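Peer 1: Let me give you the structure first, and then I'll get to my questions.
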Amino acid sequence: MSMRIDIITVLPELLKSPFEASILKRAIEKGLVEVHLHNLRDYSIGNYKQVDDYQFGGGAGMVMMVEPIDKCISKLKAEREYDEVIYMTPDGRTLNQGMANEISMKKNIIVLCGHYKGVDQRVRDMFVTREISIGDYVLSGGELAAAILCDSVIRLLPGVLNDETSALTDTFQDNLLAPPVYTRPSEYKGMEVPKILLSGNFPEIEKWREQQALERTQQRRPDLLEE
Ligand code: 6GU
């Protein structure tokens with residue numbers, strides 16, 4: 001059972017390359033996820049291919065119009081059922097691993113990328129089931145945020161990761177940061193790998209990693225431990 005993600009954007013070019021390399025590319029090739037890009041301009045109004053307009057009440061910045069978005073979403077919804085319409089916006093809830101986990105369980109989702117001053121409020125009222133931000137800073141559009149959301153979700157789909165890339169030992173799994181890791185050589189310019197990691201004593205190694213993960217989290221992200 002594969003997931004389907006439909007992304008609505010005024011800048012589809014910006015969203016091509018993230019899905020053309022490495023893990024996301026392989027997930028698509030394996031048929032574990034389908035990602036479809038929709039150019040909002042294909043649903044625009046009139047000869048000028050208009051998708052945005054001045055805001056009522058005045059003020060700087062354009063607003064994405066309701067009609068092109070309605071046309072695009074309604075066409076998609078006529079073709080299949082969607083579990084979510086996610087609007088990428090800096091005033092949404094900040095993305096975290098729990099949300100990525102939740103969204104990775106869905107079958108079909110629409111991701112709408114905001115631009116300019118955002119979308120007409122009626123789009124949010126009519127269609128949007130969830131509003132997501134990727135952090136407290138402003139991007140020029142929701143595209144890069146959508147790419148980040150998709151990456152965080154797709155890598156969790158069954159069959160996408162193998163042992164080498166396993167999600168089970170990721171930072172944020174269990175609300176802990178990941179412990180330090182080392183690879184060859186065992187000594188570099190006088191800096192040695194912690195002896196325990198070379199001991200072959202796997203129960204002790206596991207204990208050490210848990211301890212390190214906890215210390216790191218206490219030092220860097222005590223907020224994670226309070227949740
Ligand atoms: Cl989802 N969109 C934009 N434009 N800026 C952002 C964001 C989204 N998340 C953080 N900053």
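The values are calculated or read from the model by the stated rules, or taken from the named source; none is laboratory data. Small disclaimer: the values here were computed from a predicted structure and weren't measured. Please note: Cβ atoms are built from the backbone with ideal geometry, for glycine as well, and neighbour counts cover all protein chains shown. The accessibility values were calculated without ligands, DNA or RNA, using every heavy atom of the protein model including side chains. Shrake-Rupley method; radii C 1.70, N 1.55, O 1.52, S 1.80 Å.
Peer 1: Out of the residues in segment 66-106 meeting the condition of being more than 30 Å from Leu224 (Cβ to Cβ) and aliphatic (A, V, I, L, M), tell me which one is nearest to the ligand (Cβ to nearest atom). Talk me through it step by step, then tell me what you get.
Peer 2: Keep residues of segment 66-106 that are more than 30 Å from Leu224 (Cβ to Cβ), which gives 66-82.
Filter again for aliphatic (A, V, I, L, M), leaving 66, 69, 73, 76, 78.
Working: Val66: 19, Ile69: 16, Ile73: 18, Leu76: 20, Ala78: 27 Å.
The selected residue is Ile69.
Peer 1: Quick one: which helices (runs of 4 or more DSSP H) sit completely within segment 94-197 and have at least 3 residues that are in the same structural domain as Asp70 (by TED's automatic domain parsing) and in contact (Cβ under 8 Å) with a residue 60 or more places away in the chain?
Peer 2: Passing ranges, in order: 143-154.
Peer 1: What strands (runs of 3 or more DSSP E) lie completely within segment 1-80 and have 2 or more residues being crowded, with 19+ Cβ neighbours inside 10 Å, in the same structural domain as Ala145 (by TED's automatic domain parsing) and within 16 Å of the chain's Cα centre (by Cα)?
Peer 2: Where strands (runs of 3 or more DSSP E) fall fully within segment 1-80 and carry at least 2 residues being crowded, with 19+ Cβ neighbours inside 10 Å, in the same structural domain as Ala145 (by TED's automatic domain parsing) and within 16 Å of the chain's Cα centre (by Cα), they are 3-9, 33-39.
Peer 1: Being surrounded by 19 or more Cβ atoms within 10 Å (Cβ to Cβ) and aliphatic (A, V, I, L, M) is the filter; apply it to segment 113-127 and report the residue that is farthest from the ligand (Cβ to nearest atom).
Peer 2: For segment 113-127, the residue satisfying everything is Val123.
Peer 1: Among the candidates Ile154, Ile109, Ile132, Ile148, single out the residue that is within 9 Å of the ligand (Cβ to nearest atom) and open to solvent by less than 70 Å² (accessible area, probe 1.4 Å).
Peer 2: Only one candidate qualifies: Ile132.
Peer 1: Ok, one more. All but one of (1) open to solvent by less than 70 Å² (accessible area, probe 1.4 Å); (2) without any contact (Cβ under 8 Å) to a residue 60 or more places away in the chain; (3) of a type outside the set (D, E, K, R); (4) not in a loop (DSSP other than H, G, I, E, B) hold for Pro203; which doesn't?
Peer 2: (1)
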